Amino acid sequence: MWSVVSAESAPTPTRLRPRRTSARSPTASASRNRKAWGGFADWFEETHGAQLARYGGMAWTSFRVPESRLRMLGDVRGKDILELGCGAARWSIALVNAGARVVGLDVTPRRLEQARELARRAGVNLKLIESGAESVPLPDRSFDIIFCDIGAMSFADPYRTVPEARRLLRVGGRLVFSTESPLRWVFWDARRDRLSVRPQRPYFGLHRVDLGKHEKTVEFNLPYGEWIRLFRENGFEVERMLELPFPARGSSSFLRPSDVRWARQWPWETIWSVRKTGGHGARTPRPSSRRQASR
């Protein structure tokens with residue numbers, strides 16, 4: 001059962017108290033990712049913490065492109081914002097300092113412990129929730145922006161998270177997130193644990209990606225056309241979609257040299273910005289058993 005775990009001295013406003021409804025059991029994928037991330041959370045911080053802290057924590061993708069350059073979130077002063085899959089919450093902490101009211105959500109207790117420690121060091125009052133992104137224990141229409149940077153939109157099923165984001169957003173609110181490019185999974189060579197220059201699996205039908213023995217997590221992605229259809233059927237209009245090549249003079253602790261060579265030719269990650277319209281949206285389709293990829 002998921003729980004709300006606010007940081008010290010950060011009272012949760014009445015309108016953001018958890019819904020008094022029966023808790024939905026976590027999905028098998030959420031439970032598996034929770035266990036996996038709990039196992040390598042400390043290694044992840046030791047390996048990538050310095051990279052993630054660049055630009056005050058407000059930077060996008062594995063390439064760490066600053067928000068000040070991309071302006072994906074825009075002016076956040078006075079906005080209610082939810083970070084889906086906040087990890088150690090560097091983004092959330094920075095947004096609080098920028099004048100936003102922020103809730104950080106993560107499925108992994110150890111990542112939330114790290115978030116509370118960073119918030120304490122920064123002197124920031126940050127509300128944190130331990131929950132999966134597919135069923136968030138907060139009221140309808142609570143937020144102006146829901147976002148993540150390689151967060152829950154990568155590790156949770158979009159056929160569940162997109163309708164949930166619509167429920168949580170106010171009319172005119174935006175869902176902004178970065179995730180892996182679907183082409184990255186098409187070219188992933190599971191046997192060699194590296195990217196190939198030749199397709200390794202079909203692009204059509206992409207949905208669930210089992211990372212197996214290499215990372216022990218499950219990720220999700222869709223073909224671009226399916227993302228757009230899913231957004232539209234849930235009452236979102238696409239405002240921006242960015243694909244960024246790896247910078248000529250860039251560096252990243254997330255990429256190996258062979259990854260860098262690949263990412264200069266094909267999109268490594270994608271950033272989406274979609275806005276909730278006033279319509280009710282159509283019924284969200286259930287994915288078929290064919291919509292999956294394994295690794």
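Bear in mind these aren't lab numbers, they're just calculated from the coordinates by the rules spelled out. On a predicted model such as this, the values are computed, not experimentally measured, just so you know. Heads up, the Cβs are rebuilt from the backbone with ideal geometry, glycines too, and the neighbour counts pull from every protein chain shown.
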Running Debye on region 27-280 with equal point scatterers at the Cα sites and no solvent, what base-10 log of I(q)/I(0) appears at q = 0.08, 0.10 Å⁻¹?
-0.28, -0.45
Kindly rank 71-79, 156-164 from highest to lowest mean number of other beta carbons found within 10 Å of each residue.
156-164, 71-79
Reduced to Cα centres, the span from region 229-278 to region 160-176 in Å works out to 19 Å
Could you please rank Ser178, Ser252, placing first whichever residue has the fewest other Cβ atoms within 10 Å of its Cβ?
Ser252, Ser178
Taking neighbour counts of Cβ atoms within 10 Å as a proxy for exposure, in what order, fewest first, do Val274, Val197, Val238 appear?
Val197, Val238, Val274
Of all DSSP beta bridges located in region 27-280, what percent are antiparallel, nearest 5?
55 percent
Which whole-number percent of Cα pairs in region 69-195 have a distance greater than 19 Å?
49 percent
Under 9 Å, Cβ to Cβ, from Ile150 - net charge with Lys/Arg +1 and Asp/Glu -1
-3
Treat every Asp and Glu Cβ in region 27-280 as -1 and every Lys and Arg Cβ as +1, leave all other atoms uncharged, and give the resulting dipole magnitude about the Cα centre to the nearest 20 debye.
300 debye
